[in-house]
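The values are calculated or read from the model by the stated rules, or taken from the named source; none is laboratory data. None of these values were measured; they are calculated from a predicted model. Ideal geometry is used to build each Cβ from the backbone, glycine not excepted, and the neighbour counts take in all protein chains shown. Just so you know, the surface numbers come from the protein's heavy atoms only, side chains and all, with ligands and any DNA or RNA stripped out. Shrake-Rupley method; radii C 1.70, N 1.55, O 1.52, S 1.80 Å.
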Amino acid sequence: MIRHIVFFTVQEKHLEEVRVGLSILTGIPHARLLEIGTNVKTDQLGTEVDLVVYGEFDDEAALAAYKAHPDYQRSIERVRPLREKRIAADYDSRTAVTRPL
């Protein structure tokens, strides 16, 4: 399974508009799970991130199909002009470290 995580920084005045734009992604059928979360900022060192997209996909083909969906482009068109920073990472959970090495 591929886990797809994207972090966004957004000015407070654009936060809800970006959240609504990202919510478009939840209608794309290729994910096992897709969540849009607002950072509750409880970590004393990591409060820069404002919004998080978290997705789980069966494989890289499902992630590619998600990114090729027209709603993905619609979301980008709404969010890109309003966000400040975007940091993304994808990893295969089958090779993730889950216990001490």
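Scanning the stretch 36-53 for residues that are open to solvent by less than 50 Å² (accessible area, probe 1.4 Å), within 21 Å of GLY21 (Cβ to Cβ) and either out of contact with any helix residue (DSSP H, G or I) (no Cβ under 7 Å at 6 or more places or on another chain) or modelled with pLDDT under 95 (or both) yields GLY37, ASN39, VAL49, VAL52. Determine, yes or no, whether GLU56 is charged (D, E, K, R), surrounded by 11 or more Cβ atoms within 10 Å (Cβ to Cβ), part of a loop (DSSP other than H, G, I, E, B) and in contact (Cβ under 8 Å) with a residue 24 or more places away in the chain. Answer is no for this residue.
Can you tell me which residue in the stretch 1-22 is nearest to GLU77 (Cα to Cα), limited to those that are in contact with a Ser or Thr (Cβ under 8 Å, 6 or more places away or on another chain), open to solvent by less than 70 Å² (accessible area, probe 1.4 Å) and without any contact (Cβ under 8 Å) to a residue 60 or more places away in the chain? Out of the qualifying residues, it is LEU22. Check whether at least one residue in the stretch 61-78 is surrounded by 11 or more Cβ atoms within 10 Å (Cβ to Cβ) and over 15 Å from LEU25 (Cβ atoms), and report yes or no. Yes; the residues of the stretch 61-78 include at least one that is surrounded by 11 or more Cβ atoms within 10 Å (Cβ to Cβ) and over 15 Å from LEU25 (Cβ atoms).
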